[in-house]
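Structure record follows, encoded as structure tokens.
The values are calculated or read from the model by the stated rules, or taken from the named source; none is laboratory data. From a predicted model like this one, the values you see are computed outputs, not experimental measurements. Ideal geometry is used to build each Cβ from the backbone, glycine not excepted, and the neighbour counts take in all protein chains shown. For accessibility, only protein heavy atoms count, side chains too; no ligands or nucleic acids. Shrake-Rupley method; radii C 1.70, N 1.55, O 1.52, S 1.80 Å.
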Amino acid sequence: MSKKRRLVYNGHYGVAGEEAQCLWCGRLTTEHAFVVNPGGTPVLKCCCEGHYELTEEFIERDSRIRPIFYVVIGALCLASALSMWLEFSPVWSSLPLVGIAAAILVWPRVLPRYEYYLPLGLVRTRKVVRVIACALLAFSLVVTAARFGLIPG
Ligand SMILES: [Zn+2]
């Protein structure tokens, strides 16, 4: 059996010496005392107790709000699709996009799996998502303003 595959977990403990990124800050760490998903692959762990607690809190809140977030985004996507499907694009057709951008700005947790946060860590990934949402919001607001004749289109 290869040594790599022999992951033996003991409660929240990972494999000693195994290097991975901290889920919270993205820093490489060999720390193995703060595993978020004992026994899971890939191992999601944190570099210190502080980051472990923040990550636990994040996941706890995330699992409560995520369903609501998806319902909101789903409804807005539906409204957006409906407005495009209508023969005459209504003036409000860009409003769902404003809503989507605003929702992501408030709740920048669009990634469906926690391991997707690993390359940058939770903190920086959220910042990047927020920057993109900001740009999208600005763009959709300009489009909306033009639609309503507030600025020349
Ligand atoms: Zn960390």
* Provide a single number: the residues in the range 48-68 that are farther than 19 Å from Pro112 by Cβ and either away from the ligand (no atom under 15 Å from the Cβ) or among the small types (Gly, Ala, Ser) (or both). => 1
* To do: Scan the range 27-35 and give yes if some residue there is within 19 Å of the chain's Cα centre (by Cα), at pLDDT 90 or above and within 16 Å of the ligand (Cβ to nearest atom), otherwise no.
  => yes
* Taking Tyr70 as the residue in question, decide whether it is among the hydroxyl-bearing types (Ser, Thr, Tyr) and closer than 30 Å to Val142 by Cα. => yes
* To do: Please go through the range 82-102 and pick out each residue that is among the aliphatic types (A, V, I, L, M) and open to solvent by 20 Å² or more (accessible area, probe 1.4 Å).
  => Leu82, Met84, Leu86, Val91, Leu95, Leu97, Val98, Ile100, Ala102
* Among the candidates Ile151, Ile68, which residue alone is modelled with pLDDT of 90 or more, exposed (fewer than 13 other Cβ atoms within 10 Å of the Cβ) and farther than 30 Å from Glu31 by Cα? -> Ile68
* Structure fact -> Of those in the range 103-136 that are part of a loop (DSSP other than H, G, I, E, B) and open to solvent by less than 50 Å² (accessible area, probe 1.4 Å), the residue farthest from the ligand (Cβ to nearest atom) is Trp107
* Taking the residues in the range 29-47 that are under 12 Å from Leu118 (Cα atoms) and among the aliphatic types (A, V, I, L, M) as candidates, determine which candidate is surrounded by the most Cβ atoms within 10 Å (Cβ to Cβ). => Leu44
